Amino acid sequence: MRAEDEAPAPARPRRARRPHVARAPLVAAVGVGLLVVDQLSKHWALNRLSDGRVVEVVGSLQLLLTWNTGASFSIGSDLELGPYIALLALVVVAWLLWSGHSATRLGAVAAGMVTGGALGNLVDRALRSGPAGAEAGFLGGAVVDFIDLQWWPIFNVADVGVVGGALLLVLASVIHGDPHDQRAARGDGPDGAGGS
């Protein structure tokens, strides 16, 4: 068999590139917006609810000032896990900022919500010592919580951002999935036009 009779090997298709859309400004805008709203709401709670006053809002929703030295929903308060939780939150924020730069719009909003919420509670851990005013050490401060449903642990706006953002991240991954997998399923060629 001669070399010219052999069929040439098919050219290996190049991997299609996803057009780069920078989402970092959206992540940052949502994160900063949530951080500002969170800190303003905590400032309000400290000024209006520090005397032990309870504000009835609607149904079982009331506003009641509490301090949290543990994780969300006061988990681990008695174990003094605050500094470790704060360091873990810093790692999560760094990862979200790094990965959110090329996310879908929904994913970028979700990453911004989680980032802003985590930073809101980190600010509390760094700057607020709690009702007694005692020095708590590095990132060992207390988080201001004041939204009380009476059938759920007391929380704050930052917690809403973290939980809501995490749910949106899951939704975004279900809706959009991995863009590389979607192109492979459609059979997109190197130019993304569905060529063979």
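Arranged by the count of other C-beta atoms within 10 angstrom, fewest first, what order do 51, 38, 148 take? Let's see the in-between values first.
On the way: 51 6, 38 24, 148 20.
If I rank by nearby Cβ atoms, fewest first, I get 51, 148, 38.
Can you sort 43, 176 so the residue with the fewest Cβ neighbours within 10 Å comes first?
Values: 43 11, 176 14.
Least crowded to most crowded, the residues run 43, 176.
Starting from the Cα of residue 163, step 7 Å along the direction of its Cβ; do the same at residue 94; then give the gap between the two resulting points in nm.
Here the answer is 2.8 nm between the modelled labels.
What is the extension gain from residue 37 to residue 51, computed as 0.36 nm multiplied by their sequence separation minus the C-alpha to C-alpha distance, in nm to one decimal? Please list the in-between numbers first.
Working: separation 14, 0.36 × 14 = 5.04 nm, distance 2.25 nm.
Going from the current span to full extension adds 2.8 nm.
Please order 115, 104, 69 by the number of other Cβ within 10 Å, starting at the fewest. Present the calculation step by step, with values, prior to reporting the outcome.
Working: 115 28, 104 16, 69 22.
Final ranking by Cβ density, sparse to dense: 104, 69, 115.
Bear in mind these aren't lab numbers, they're just calculated from the coordinates by the rules spelled out. On a predicted model such as this, the values are computed, not experimentally measured, just so you know. Here Cβ is always computed from backbone atoms with ideal geometry, including for glycine, and neighbour counts include all displayed protein chains.
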